[in-house]
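Inspection log for the structure reproduced underneath, given as structure tokens.
What follows draws every value from the coordinates through simple rules; no lab data is involved. All values reported here derive from a predicted model rather than from experimental measurement. Every residue, glycine among them, receives a Cβ derived from its backbone with ideal geometry; neighbour counts consider all protein chains shown.
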Amino acid sequence: MGTTNGKVPGRVKYTFAFGALGKDLIYGMMATFAMIYFTDVLKVSPGFVGIVFFVAKLWDAFNDLFMGMIVDNTRSRFGKFVPWLVIGTLVNSVVFVVLFTDFKLTGTSLCIFVAVIYVLWGMTYTIMDIPYWSMIPALTSSKEEREQVAVIPRIFASTAWLIMGTFGLSIVKKLGNGNVVKGYSSFAVVIAVTFIISAIITCLNVKERVETPKNAEKVSFKQTLNIIRKNDQLVVFIGIVLFMNLIMQIIGGVSLYYFKYVIGNDKLNQVFYAFSGLAEIGGLMLFPILTKKIGRQDVFKVGSVLPILGCSMLLVFGIIAPKNAAFIAVSGIVLKLGTGMLLGATTVMLADVVDYGQFKLGTRNESIVFSVQTLLVKTASAVSGWLVGVGLSVVGYVPNATQGASTIFGLRVLMIGLPMLCAILMYVIYKQKYKINGKFHDMILNELKNKKDKEAVI
């Protein structure tokens, strides 16, 4: 797979990262448009959709752990990652296109279709997603190179979300030419083709050269749960990352409703996404620079405060000048600059938690820790989907109609109030419970180094 030690060729880095562009375009379309497509186009009850999203994502979260075990046990002439990447991409693309196809179903048949197809989409996406990210450790054993290999696809992924949020709605309208159903289905086909092409490019250029010992020790599901439970800082990390993802996913799920019905101009959603998406990428790039200047703890603090400030600005500007694009852009920049910093911070914290686990438990379990992060993203997606769907029903939302004052207030709570609350709770957990900082972190690293040196001598 390129190389297993030392420098990874640029061609391998970027063709691997290109795969993230395709897969996050398809994920971004689902996250941005699936809810409003089901409620406003297919006319499914928002409450029902919210429950489907919640159940599907929780189920999908645990699928990640099982898929990881399946991939790890795979032995084939093509390797352990590439076969599942190919299978998952092809199957998921088909399911994705079917999901955005209107079969003119109504009533119970429509509800069954929505539930089944959404669950299938999540399961087939997992088939591809797990082996893709599992490739990273096998590319190189160099710490510096691994950081680059991990960061580049993250930037490609953020770019995919930027494209989807900024241009997605315009593309749907353009392709539909007045027919919204045709617009969504045509766009789904375009995204699916792009997804397949990006996966092919990745598979052709990133060759597996990984050898898995036949007698390699495998960790059982019960042992996995015990490792998570006994690593107290991993438990703290779970709380932090869960609330961080809720901030981003709640905003992503509600924003189109917010700009369409509260602000009265859904095109401003594109403005919000364009500037906020660029800001998030900027936050990721700024993170290592700011860390050197002010330290990790202060960067995390700034990253926590900025979403609160951005949401506050969105609330105030939405009342005094709701259709001012410049104000919306500034609000999005402030909000997502913070989440970009948080993404960088939690990436570093993930490695620290692995070190802490080795220090406390005597075993180094990178794969388990990384699986937990994936599970958290899916869990946050489940919770946010449920909150948005049920929240829309509670506030009295009626698709494609003028919303009442209580509904508008409710949409503001969903779009602004809940993310602010999540940001506050996230920082409180970090401040009160996360301890892998400063001298304690240095002590852990020194202890691990001394232990490694002693083992080398023996």
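Structural remarks
- Relative exposure of 21, 120, judged by other C-beta atoms within 10 Å (fewest first): 120, 21
- Shape call, the range 1-210: gyration tensor on alpha carbons, a/c limit 1.5: prolate
- Protection-proxy order for peptides 305-315, 92-102, each taking the mean of Cβ atoms within 10 Å per residue, highest first: 305-315, 92-102
- Relative contact order of the chain, defined on C-alpha pairs under 8 angstrom at six or more residues apart (%): 25 percent
- Prolate/oblate/rounded call for the range 237-393, Cα gyration tensor, a/c under 1.5 rounded: oblate
- Normalised by the number of residues in the range 1-210, the mean separation of alpha-carbon contacts (under 8 Å, six or more apart) gives a relative contact order of 46 percent.
- Crossing angle, helix 46-72 versus the chain [Cα axis fit, 0-90 degrees, rounded to tens]: 20 degrees
- Highest-first arrangement of 77-87, 124-134, where packing means the average Cβ count within 10 Å: 124-134, 77-87
- Each residue in 316, 372, 41 was given a count of other beta-carbon atoms within 10 angstrom of its own, and listing them fewest first yields 316, 41, 372.
- Integer Hz, Karplus 6.51/-1.76/1.60 couplings in order for the range 92-99, x for Gly and Pro: 5, 4, 5, 4, 4, 5, 4, 4
- Here the dipole of the range 317-419 is about 220 debye; that uses its Cα centre as origin and unit charges on the Cβ of Lys and Arg (positive) and Asp and Glu (negative).
- Of 228, 389, 9, farthest towards positive along the dipole that unit charges on Lys, Arg, Asp, Glu beta carbons give the chain: 9
- Folded to 0 to 90 degrees: helix 366-394 orientation relative to the chain principal axis, Cα: 10 degrees
- In a reduced charge model with +1 at each Lys and Arg Cβ and -1 at each Asp and Glu Cβ, the chain shows a dipole moment near 360 debye about its Cα centre.
- Of 230/360; 360/451; 260/336; 13/449; 7/451; 173/267, pairs whose Cα-Cα distance is over 19 Å: 260/336; 13/449; 7/451
- Length-normalised contact order for the range 61-130 - Cα pairs under 8 Å, 6+ apart - percent: 51 percent
- Here the sum of -39500 (n - 2.57) over DSSP H runs of 4 or more residues, divided by the residues of the chain, equals -27500 deg cm²/dmol at 222 nm, to the nearest 500.
- For the range 444-450, the Karplus equation 6.51 cos²θ - 1.76 cosθ + 1.60, evaluated at θ = phi - 60°, returns couplings of 4, 4, 5, 4, 5, 5, 4 Hz by residue, with Gly and Pro reported as x.
- Integer Hz, Karplus 6.51/-1.76/1.60 couplings in order for the range 405-410, x for Gly and Pro: 4, 5, 5, 4, 4, x
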